[in-house]
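Please treat every number below as a calculation from the coordinates, not as lab data. Owing to the predicted nature of the structure, the values given are computational and were not obtained by experimental measurement. When we count neighbours, we look across all protein chains shown, and the Cβ atoms used for this are built from the backbone with ideal geometry, even at glycine.
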Amino acid sequence: MTGMRTALRALATAAAAAALLAGAVVSPAPARARPEPTAPREFVALRSVDPTIIQEMRYTTAHTFLGERVDGYRQPVCILTRPAARALHLAQKRLLRQGYSLKVYDCYRPQRAVDHFVRWAEDLEEQSMKGEFYPLVGKHRLFEDGYIAERSGHSRGSTVDLTLVRLPALPTRPYRPGERLTPCFAPRGERFPDNSVDMGTGYDCFDTLSHTDDPRIQGTQRANRQFLKRTLAEVGFVNLPEEWWHFTHRPELFPDTYFDFPVALGSVAGH
């Protein structure tokens, strides 16, 4: 009888062990967080190439056409492919001798940021920043008119949005969410203050007045646009005719790749 009890206990122990093992096999493994993508070694922080270029990274703030910080912008740093950054350095050296500095608003842009733009454009009810950035454009036309697209050259790493600042540079006051909005094409003294030279419109102005060679832009404003365009053309940048601030360095290192690593120093650590 004692032998029988011993055998039964052994069977029960074996069965319990088998059940535990079976549970371990069928239980799903805990989900692991996917690591954030990082930039290829050809990307650098602009500040590591030229710390004198002014950086006002708008998409890390609420002063955007969305009215909020843009997805993927973790830190206010400009990231570019190395050739584009070096070309800006050459342009900056020439400008400093003439009493000017470049100021960048946006550089590399992750695909998740572009996706954020698309979601915002599809939400026709959200128009909190219309009074400044697109006062004369119906939001339903943003795709058709080319202001918003599902892909952006910025995501390839060689495109930059920038302007000129006369030195010594005065600080630009921070945007206060909820403040009264003024159209981006209003006279310089009326639109949101910027320490840049007068280009005729503010940055990210969804209006045909932002076209680099719009004939309505004359005098000092036109001269400033042409000075910026000419200076950057000399170091290999091509202007997008619809946006006086938008330039792409050619040839692009990644002409067919749209990256999605976040805008943060960690993305280019050690480069």
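At-a-glance table
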read-out: Between helix 219-233 and the chain: long-axis angle, C-alpha atoms, 0 to 90°, nearest 10; value: 50
read-out: Integer Hz, Karplus 6.51/-1.76/1.60 couplings in order for region 125-141, x for Gly and Pro; value: 7, 7, 9, 5, 10, 4, x, 9, 8, 8, x, 10, 10, x, 4, 5, 9
read-out: Other-chain or far-sequence residues with amide H under 5 Å of residue 192's (modelled H); value: 182
read-out: Sum of -39500 (n - 2.57) over DSSP H runs of 4+, divided by residues of the chain (222 nm, nearest 500); value: -8500 deg cm²/dmol
read-out: Gained length - residue 227 relative to residue 115, 0.36 nm times residue gap less alpha-carbon distance; value: 37.0 nm
read-out: Karplus-derived 3J(HN,Hα), 6.51/-1.76/1.60, for each residue of region 114-122, Hz, glycine and proline x; value: 4, 4, 5, 4, 5, 4, 4, 5, 7
read-out: Whether region 85-210 is rounded, prolate or oblate, judged on the alpha carbon gyration tensor where a/c under 1.5 counts as rounded; value: oblate
read-out: Built amide H within the under 5 Å cut-off of residue 100, gap 5+; value: 167
read-out: Cα gyration tensor, the chain - rounded (a/c under 1.5), prolate or oblate; value: prolate
read-out: Amide H within-cut-off set for residue 79, under 5 Å, with H built and near neighbours excluded; value: 46, 107, 108
read-out: Per-residue HN-Hα couplings for region 168-185 [Karplus 6.51, -1.76, 1.60; θ = phi - 60°; Hz; x = Gly/Pro]; value: x, 7, 7, x, 8, 5, x, 6, 10, x, x, 5, 5, 9, 10, x, 5, 9
read-out: GluC sites (Glu not before Pro) lying in DSSP loop within region 147-225, provided at most 10 other Cβ fall within 10 Å; value: 179, 190
read-out: Sparse-neighbourhood loop sites, trypsin sites (Lys or Arg not before Pro) in region 139-168 - DSSP loop, at most 16 other Cβ within 10 angstrom; value: 151
read-out: The chain - charge dipole about Cα centre, Lys and Arg +1 at Cβ, Asp and Glu -1, debye rounded to 20; value: 1060
read-out: Using a Förster distance of 30 Å, the FRET efficiency for residue 250-residue 176 (Cβ separation, nearest 0.05); value: 0.15
